[in-house]
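Taking it in order: structure first as structure tokens, then the write-up.
The values are calculated or read from the model by the stated rules, or taken from the named source; none is laboratory data. Just so it is clear, the structure is predicted and the values come from calculations on it, not from any experiment. Cβ: placed from backbone, ideal geometry, glycine included. Neighbour counts: every protein chain shown.
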Ligand SMILES: Cc1ncc(COP(=O)(O)O)c(C=O)c1O
């Protein structure tokens, strides 16, 4: 059968390919560590699972509004105010099937042929592919190890042309772990406002910072930058909910409306019972997030000391730890 020419440019996600390979190797009895998809090895906390079970028992199994149930949009607004100090209303929020889906929808509604999109590198593998799928051009902006891989505003300025439409920020960054400071973000915000750029702020790893560092949202730095920012976040990493597929965006109403229209023709709503679980995650006790972060922090402490055999340490752990708050 003939394939559309556009498929020639499609490449499978390398992290998912590595993860699938690791799974196959494990099934063959090979002892392997998977550094592919970023996936907490904790189980989803019990109170979150219980909310999904209750939703099932209540027959909450039908289509919902495309952009998600109001209860979850309100939970997202509450979370963004509580954790990020940034205020949004229901109409600024859309729920999708994971942040990957959110980011794809965003690329499709924001970018067009010829647009350039700045990507501080190293970056998460899906950004350039999604930008290309929308017909735009990803522009890699190299960062330096000496700067802790934090992008400097001069590097962004140097890569910016009159075709630059947007900037994708990812702090904390996958894969480098770089966390942008308030000063970094203020400089980037001034640059984005001055050049009239859209900022996509992927805050998927927000909950996982160590050594006293704290992730800040660029949207919290003032109305001018907030107006041109779309904040993206996910339940996957913070609540060990990778398989539930719940992510969201918060931003200007016209962007959210366009994403809603697009999503309504492609996937409709995210899974109904996963949405109810997400409400429990965002509005319920947050000590499970802190406890998982603590456990990860203890593991990162093993890395700098090369005398420690990290491989052996990890192999000694149970492959599916329980969430420490259970
Ligand atoms: C930087 C970054 N953004 C977004 C995602 C997507 O997460 P999800 O689709 O599970 O919400 C990932 C997943 O690994 C990621 O690393």
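So the values come out like this:
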quantity: Selected residue [surrounded by 17 or more Cβ atoms within 10 Å (Cβ to Cβ), in contact (Cβ under 8 Å) with a residue 60 or more places away in the chain and within 16 Å of the ligand (Cβ to nearest atom)] from 103, 119, 110; calculated: 103
quantity: The range 24-42 - residue that is within 16 Å of the ligand (Cβ to nearest atom) and loosely packed, with under 15 Cβ neighbours inside 10 Å and, of those, farthest from residue 207 (Cα to Cα); calculated: 35
quantity: Failed item, numbered, when residue 48 is tested on (1) part of a helix (DSSP H, G or I); (2) away from the ligand (no atom under 16 Å from the Cβ); (3) under 20 Å from residue 99 (Cα atoms); calculated: (2)
quantity: Flag if residue 67 is away from the ligand (no atom under 15 Å from the Cβ), assigned to a helix (DSSP H, G or I), at pLDDT 95 or above and crowded, with 18+ Cβ neighbours inside 10 Å; calculated: no
quantity: Cβ-Cβ under 7 Å pairs, at least 6 apart or on other chains, the range 19-30 side in contact (Cβ under 8 Å) with a residue 12 or more places away in the chain, far side part of a loop (DSSP other than H, G, I, E, B); calculated: 19/34; 19/36; 19/37; 22/32; 22/34; 22/36
quantity: Of all residues making up the range 14-32, the number that are on the phi < 0 side of the Ramachandran plot, in a loop (DSSP other than H, G, I, E, B) and out of contact with any helix residue (DSSP H, G or I) (no Cβ under 6 Å at 6 or more places or on another chain); calculated: 3
quantity: Filter result for the condition that a residue is surrounded by 17 or more Cβ atoms within 10 Å (Cβ to Cβ) and either within 16 Å of the ligand (Cβ to nearest atom) or in a helix (DSSP H, G or I) (or both), over 190, 207, 295; calculated: 207
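For (1) surrounded by 16 or more Cβ atoms within 10 Å (Cβ to Cβ); (2) under 19 Å from the mean Cα position of the chain (by Cα), each residue gets a yes or a no:
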position: 243; (1), (2): no, yes
position: 264; (1), (2): no, no
position: 270; (1), (2): yes, yes
position: 279; (1), (2): yes, yes
position: 282; (1), (2): yes, yes
position: 287; (1), (2): no, no
position: 299; (1), (2): no, no
